Each structure stands twice: as structure tokens, then as C-alpha cells.
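Since the structure comes first, as C-alpha cells, the remarks are kept for the end.
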Amino acid sequence: MDARDIILRPILTEKSYAELATKKYVFEVAKKANKTEIKLAVEELFDVKVDYVNTVNCRGKLKRMGRNEGRTASYKKAIVQLTADSKEIEFFKSLS
């Protein structure tokens, strides 16, 4: 897989903003990607050095609209910790 096929989008929440100070970044990633592939993709796309990667499989929530019900899409989330001597990711730097 290409690096752009693995890293789908950043996840921007209050909790992820709080982790920016410790160089932790949160991304939605491809469901079939493993930790090694995610690490290599982040290093290639953003030119940084990754210390470790944690992944979480997020299940879709049950939603109702009147009597109709369905599920939102499930996805995989990766929390990426950069090394102490690594530079920050520019995209997130402009947000804070």
C-alpha cells in the first residue's frame, strides 16, 4: 500500500489537541494497516521520526432516525508518538 492509502485523515478532537504538546498525533488509518506500515507511512509523509504507534479499532455507533436504525461506519485510529528530537508535524502546528 502507498503511504497516502494508509493515512486517511487526521482526527481533530479536544483530547487530540491536548496531546500535541507531548508530540502525540491521532490519525484515521486503513483498517488492514498494521503498526509497522503506519509508522513507515507517517515517517514518509511528514518527514519525522516515530517512536511508537498505538492502534484502536473503533466500532460504529447505533443511530436511529424515527423507526429506522443503522450503524455509523467503523474505522481504525492510530495514536503516533514522535521521538523527543523529532520535529513537529507542520499541519498540526498551524492549528494550535
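Quick notes on this structure:
- Leading residue by the ranking (farthest from residue 27 (Cα to Cα)) among those in the range 62-96 that are touching a strand residue (DSSP E or B) at 6+ places or on another chain (Cβ under 7 Å) and of a type in the set (Lys, Arg): 63
- Pair list, Cβ under 6 Å, 6 or more apart: the range 1-16 residue more than 13 Å from residue 42 (Cα to Cα) and touching a residue at least 12 places away in the same chain (Cβ under 8 Å), other residue surrounded by fewer than 16 Cβ atoms within 10 Å (Cβ to Cβ) and of a type in the set (Gly, Ala, Ser): none
- Count of residues meeting criterion [touching a strand residue (DSSP E or B) at 6+ places or on another chain (Cβ under 8 Å) and closer than 10 Å to residue 76 by Cβ] in the range 7-33: 7
- Candidate set from the range 1-25 (those that are part of a strand (DSSP E or B) and among the charged types (D, E, K, R)); member that is surrounded by the most Cβ atoms within 10 Å (Cβ to Cβ): 24
- Residue in the range 55-62 that is surrounded by 10 or more Cβ atoms within 10 Å (Cβ to Cβ) and closer than 17 Å to residue 2 by Cα present: no
- Residue 87 vs. criteria among the charged types (D, E, K, R) and surrounded by 14 or more Cβ atoms within 10 Å (Cβ to Cβ): no
- Restricting the range 26-36 to residues that are surrounded by 18 or more Cβ atoms within 10 Å (Cβ to Cβ) and within 22 Å of residue 90 (Cα to Cα), the residue that is nearest to the chain's Cα centre (by Cα): 27
- Scan of the range 38-54 for residues that are crowded, with 17+ Cβ neighbours inside 10 Å and not small (Gly, Ala, Ser), ordered by number: 38, 39, 42, 46, 48, 50, 53
Here's the yes/no breakdown for (1) on the phi > 0 side of the Ramachandran plot; (2) touching a helix residue (DSSP H, G or I) at 6+ places or on another chain (Cβ under 9 Å); (3) of a type in the set (Gly, Ala, Ser):
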| residue | (1), (2), (3) |
| --- | --- |
| 23 | yes, no, no |
| 29 | no, yes, no |
| 36 | no, no, no |
| 50 | no, yes, no |
| 54 | no, yes, no |
| 58 | no, no, no |
| 79 | no, yes, no |
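For every residue, the table says whether it meets (1) part of a helix (DSSP H, G or I); (2) touching a residue at least 40 places away in the same chain (Cβ under 8 Å).
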site: 27; (1), (2): no, yes
site: 40; (1), (2): yes, no
site: 53; (1), (2): no, no
site: 57; (1), (2): no, no
site: 78; (1), (2): no, yes
site: 85; (1), (2): no, no
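Every read-out reported here was derived from the displayed coordinates using simple, explicitly stated rules and does not represent laboratory data. Just so we're clear, the structure is a prediction, and the values are computed from it rather than from any experiment. Glycine gets a Cβ as well: all are built from the backbone with ideal geometry, and neighbour counts include every protein chain shown.
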